[in-house]
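Asks: The structure is given below, and queries will be raised subsequently.
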Amino acid sequence: MRRFSWLGFVALAAAATGCGALTGSTGDGAIRYVAIEDAGLVPASQPAGPDASTGTWRVDCGRNERGIHNSDNLVVNPRVVGAAHHNHDYVGNVSTNAFSTDRSLAAAATTCRGGDRSTYYWPVLRVPDGGTAHGTGEHDAHGNQGRILRPDSVLIEFRGNPVSDVVAMPEFLRTATGNAHGYSQAGRRTDRLQWTCSGARDRVAKDYPRCPEGQQVIRVFDFPSCWNGKSLDSPDHSSHLVFPAGSGGCPPATFPVPQLHVEVAYTVPPDADFTIDTFPEDGGSALADHGHFINVMRPALMDRVVACINDGRSCTA
């Protein structure tokens, strides 16, 4: 049975405080590492019901081979350059910046196959280049230091709902997962954070995982998938699109859309104190991990995605 990973958040709080958690070598309590064998187990998946939509749509958007980075955040702070105070990795739409508009995004080139011009982005991950937790060489204007590590791979997959069919996402829908201030806000909205290792997919943590030699570090982003049927965004960038209930069904007055699932894998040097870029007040904490998505699929392409998922097929763009 395919795993619906949005239901795995129940075990993540325990993983964050597992007995293997260690602070970074800087002594900064914001930065914590946990041996993956001490992380929490992923709970059993929700069984699919008779009316479930069990298909998947996978699209290859590369792994940011072009090195597209900026510290803008079009979803949260449009028209404000550098508002994120940390760099993002981008795949998909190549034109995404603070001044992008729906029209400019729709006209831009994309790194995705199949004509998907959506934009997918998250904070970059850095490894030391000078012997400290953040490194001493390459840095940005906001104090994030170390060498930006390009992902080995980026998996982008749209999934169904365990109790019903899904409906089409509207073009230019904006959404986010995680909390860029998760550390400074005492863990608020971090219950679905997922860090793991390629050889231990049955375990997840909120802290940075220490993976055995030869295994990749993996960040997993599951996005909310119950849409209010009205808004492309909301003032808090979350209330218009929420997560399913524990049963997998959507709350009243919301409708299930394809659930975006992203996995970003890295080969991290042995024992490196890797960190993501964060706001300064979040001190490089893994609790500040987050991802953003703007749907720039044309309606005809989105209809193909929905048909594939509702028909129970496994499709690749």
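A short reminder: the numbers here are calculations on the coordinates, not readings from a lab. What you are looking at is a predicted structure, and each value in this text was computed from that prediction instead of being measured. In this analysis, Cβ positions are derived from the backbone assuming ideal geometry, glycine residues included, and neighbour counts consider all displayed protein chains.
Asks: Using 0.36 nm times the number of residues separating Asn70 and Arg201, minus their current alpha carbon distance, what extension gain do you get?
Replies: Taking 0.36 nm per residue and subtracting the Cα distance, the gain is 44.1 nm.
Asks: Moving on. Roughly how tilted is helix 299-310, in degrees to the nearest 10 and between 0 and 90, from the longest Cα axis of the chain?
Replies: 90
Asks: Which one of Ser225, Asn87, Gly284 has its Cα pushed farthest toward the positive end of the charge dipole of the chain, where Lys and Arg give +1 and Asp and Glu give -1 at the Cβ?
Replies: Ser225
Asks: Taking every DSSP beta bridge with both residues inside the range 5-316, roughly what % is antiparallel (nearest 5)?
Replies: Here the antiparallel bridges make up roughly 90 percent for the range 5-316.
Asks: What does the charge add up to near Gln259, with Lys and Arg as +1, Asp and Glu as -1, over the other residues with Cβ less than 11 Å from its Cβ?
Replies: It works out to a net charge of -1.
Asks: Length gain on complete extension for the stretch Arg313 to Ser234, per 0.36 nm per residue less the alpha carbon to alpha carbon distance?
Replies: 25.2 nm
Asks: If I take the Cα coordinates of the range 148-188 and project them onto the principal axes, what are the three extents in Å, biggest first?
Replies: 37, 30, 24
Asks: Another one. Pick out which of Ser53, Ser234, Ser153 has the largest mean-square fluctuation in a Gaussian network model of the chain, springs linking Cα atoms closer than 10 Å.
Replies: Ser234
Asks: Could you give the length gained by full extension between Ser247 and Asn77, i.e. 0.36 nm per residue of separation minus their alpha carbon distance, to one decimal place?
Replies: Contour length minus the Cα-Cα distance gives 57.8 nm.
Asks: What is the sum of charges around Ala180, taking Lys and Arg as +1, Asp and Glu as -1, for the other residues whose C-beta is under 12 Å from the C-beta of Ala180?
Replies: Taking every Cβ under 12 Å from that of Ala180, the sum is -2.
Asks: Reported to two decimal places, what Rg/Rh ratio describes the range 95-223 when computed on Cα atoms with Rh from the Kirkwood expression?
Replies: Using only Cα positions, Rg/Rh for the range 95-223 is 0.98.
Asks: If I take R0 = 35 Å and measure r between the Cβ atoms of Leu41 and Phe99 in this structure, what FRET efficiency does the formula 1/(1 + (r/R0)^6) give, to the nearest 0.05?
Replies: FRET efficiency, Leu41 to Phe99: 0.20.
Asks: If each residue's Cβ is checked for other Cβ atoms within 10 Å, how do Leu232, Leu260 rank with the fewest at the top?
Replies: Starting with the residue having the fewest Cβ neighbours, the order is Leu232, Leu260.
Asks: Further question: Between (1) 33, 20, 18; (2) 30, 23, 17; (3) 45, 20, 15, which matches semi-axes √(5λ) of the Cα gyration tensor in Å calculated for the structure shown?
Replies: Working out semi-axes √(5λ) of the Cα gyration tensor in Å from the coordinates points to (2).
Asks: Take the Cα radius of gyration of the range 32-181 and divide it by 2.2 N^0.38 Å, with N its residue count; two decimals is plenty.
Replies: It is 1.24.
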